1. If residue 80 meets every condition in (1) within 25 Å of residue 300 (Cα to Cα); (2) out of contact with any strand residue (DSSP E or B) (no Cβ under 8 Å at 6 or more places or on another chain) apart from one, which number is that one?
2. Please work out if residue 227 is free of Cβ contacts under 8 Å to residues at least 40 places away in the same chain, surrounded by 24 or more Cβ atoms within 10 Å (Cβ to Cβ) and within 16 Å of the ligand (Cβ to nearest atom).
3. List the helices (runs of 4 or more DSSP H) inside the stretch 10-61, counting only whole elements, that have at least 2 residues being under 21 Å from the mean Cα position of the chain (by Cα) and closer than 23 Å to residue 194 by Cβ.
4. Taking the stretch 209-222 on its own, how many of its residues are more than 14 Å from the ligand (Cβ to nearest atom) and either modelled with pLDDT under 95 or under 21 Å from residue 300 (Cβ atoms) (or both)?
5. Within the stretch 162-185, can you find the residues that are buried (at least 21 other Cβ atoms within 10 Å of the Cβ), at pLDDT 95 or above and over 11 Å from residue 145 (Cβ atoms)?
6. Filter the stretch 257-266 down to residues that are away from the ligand (no atom under 16 Å from the Cβ) and under 20 Å from residue 6 (Cβ atoms) and give me whichever is nearest to the chain's Cα centre (by Cα).
7. Within the stretch 145-159, track down each residue that is in a helix (DSSP H, G or I) and within 16 Å of residue 173 (Cβ to Cβ).
8. So which residues in the stretch 230-249 are more than 16 Å from the ligand (Cβ to nearest atom) and closer than 24 Å to residue 88 by Cα, if there are any at all?
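The values are calculated or read from the model by the stated rules, or taken from the named source; none is laboratory data. Because the structure is predicted, anything quoted here is derived from the model rather than measured. All Cβ positions, glycine included, derive from the backbone under ideal geometry; neighbour counts span all protein chains shown.
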Ligand SMILES: [Zn+2]
């Protein structure tokens, strides 16, 4: 049994395995530009964030019905449960679907059918985080937030993802203000390919409580000091960083340094179907590549619950499981 953990940086569309993509394409009569599952696997070699996103949006086109979204989320929960995930805060990208004619309701009702009962069926409590695509306009993000208003009881926070460079957080200041008026919490991808200054901007202008990725904060010692002092969590995704060439190889990953600096770092899988592993494989990978100790791993598990948007009683229960765990 793996250490109990929360996963906080997981795009549900990024859990679409080639086998399921082909099955859904066939069921929906959708065209895929690959002759076989193997050919698709071979396409999972990326130059950078944009080359990944091009394939990602292409494959997303097979997701069309409520049932498709339900099956996608169920497949993730089965894997996560086997990997010791006890709580998951799951990103979804409504604009990747509404832009091709799939209604917001289809996406959220489909996901909800899998998530509403996840604790009883899979032993995993879940929350949804609505992400805006930052390469689209702020107006489009606002429209998406309006579409979400009837479903706010299913959504805990808003997030910001997709192509980072050239799309600074401040572009979405009004959207995030509106989200907070609606009672939503806030996170954002920042400091992955974009500069450390985007991390500060996400905190100061958007009011986020957690930074997704954030590994480039290490370029700014004063900002690191601030994140340590304010205990701002970072949802780090090691395999993603290597696959998208943010770092060269896993042995170069700064995760160990981040922990030793006192940053509230967590380990997550981002888009696991595309990046070669789910959260436990990411943890095993960094343990081996960076020589992490059992205490490092316990700290990562503890951080994951500290960083999550669960109530204090649930947090205490999960933290108790982490302390009781024997490596
Ligand atoms: Zn991400």
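1. Failed condition: (2).
2. no
3. Filter on the stretch 10-61 gives 49-60.
4. Total meeting the criteria: 4.
5. 169
6. Step by step, filter the stretch 257-266, then rank; the result is 264.
7. Within the stretch 145-159, just 145 meets the criteria.
8. If the condition is that a residue be more than 16 Å from the ligand (Cβ to nearest atom) and closer than 24 Å to residue 88 by Cα, then 230, 231, 232 are the ones that fit.
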